[in-house]
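Chemist: There's a structure below that I have some questions on.
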Amino acid sequence: MSTKLERITIDPSICHGKPVVRGMRWPVEVILDMLGGGMTSEQIIEDHPELEMGEILACLNFARLSVPGEAYPLAS
């Protein structure tokens, strides 16, 4: 499973330029909110089958890198 940031994209025409999963209208912050609210990755995927485990892990990796303020390239 890939946790690489290539699964996270930023496009000004999608969700106001917020980081999203694979160019879909799934902002990283929404995935993190679901996890923070107590949902497991499996529950998220069950409720939203268009998402994959690698994308949830990529969201967590994105958050991990964002906390210390590191710069990293994202696909656009």
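The values are calculated or read from the model by the stated rules, or taken from the named source; none is laboratory data. This is a predicted model, so every value here is computed, not measured. Positions of Cβ are generated from backbone atoms using ideal geometry, with glycine treated the same way; all protein chains shown enter the neighbour counts.
Chemist: Can you say whether E6 is surrounded by fewer than 16 Cβ atoms within 10 Å (Cβ to Cβ), under 13 Å from the mean Cα position of the chain (by Cα), among the acidic types (D, E) and not in a loop (DSSP other than H, G, I, E, B), as far as the supplied structure shows? So that I can check it myself, show each step before the final result.
Modeler: Numbers: surrounded by fewer than 16 Cβ atoms within 10 Å (Cβ to Cβ): yes; under 13 Å from the mean Cα position of the chain (by Cα): yes; among the acidic types (D, E): yes; not in a loop (DSSP other than H, G, I, E, B): yes.
When the stated conditions are applied, E6 passes them.
Chemist: Considering only residues that are touching a strand residue (DSSP E or B) at 6+ places or on another chain (Cβ under 8 Å) and part of a loop (DSSP other than H, G, I, E, B), look in segment 10-32 and name the one that is modelled with the lowest pLDDT. Show your work before the answer.
Modeler: Taking segment 10-32 and keeping what is touching a strand residue (DSSP E or B) at 6+ places or on another chain (Cβ under 8 Å), we get 10-11, 14-15, 18-23, 26-28, 31.
Narrowing further to those that are part of a loop (DSSP other than H, G, I, E, B): 10-11, 14, 18-19, 22-23, 26.
Values: I10: 92, D11: 92, I14: 94, K18: 94, P19: 95, R22: 90, G23: 83, W26: 95.
Going through the qualifying residues, I end up with G23.
Chemist: Considering only residues that are exposed (fewer than 14 other Cβ atoms within 10 Å of the Cβ) and charged (D, E, K, R), which ones fall in segment 12-59?
Modeler: R25, D33, E42, E46, D47, E50
Chemist: Next up: Please verify whether L35 is in contact (Cβ under 8 Å) with a residue 12 or more places away in the chain and either in a helix (DSSP H, G or I) or under 18 Å from L65 (Cβ atoms) (or both), treating the condition exactly as stated.
Modeler: Numbers: in contact (Cβ under 8 Å) with a residue 12 or more places away in the chain: yes; either in a helix (DSSP H, G or I) or under 18 Å from L65 (Cβ atoms) (or both): yes.
It is true that L35 is in contact (Cβ under 8 Å) with a residue 12 or more places away in the chain and either in a helix (DSSP H, G or I) or under 18 Å from L65 (Cβ atoms) (or both).
Chemist: Let me ask another. Looking only at residues in segment 50-67 that are under 13 Å from V21 (Cα atoms) and outside any helix (DSSP H, G or I), which one is farthest from the chain's Cα centre (by Cα)?
Modeler: Checking each candidate, the answer is E50.
Chemist: Search segment 42-64 for residues that are farther than 16 Å from R7 by Cα and at pLDDT 95 or above and pair each with any residue that is β-branched (V, I, T) and crowded, with 19+ Cβ neighbours inside 10 Å when their beta-carbon atoms are under 9 Å apart and the residues are at least 6 apart or on different chains.
Modeler: Pairs that qualify, where the first residue is farther than 16 Å from R7 by Cα and at pLDDT 95 or above and the partner is β-branched (V, I, T) and crowded, with 19+ Cβ neighbours inside 10 Å, are I44/I31; I44/I56.
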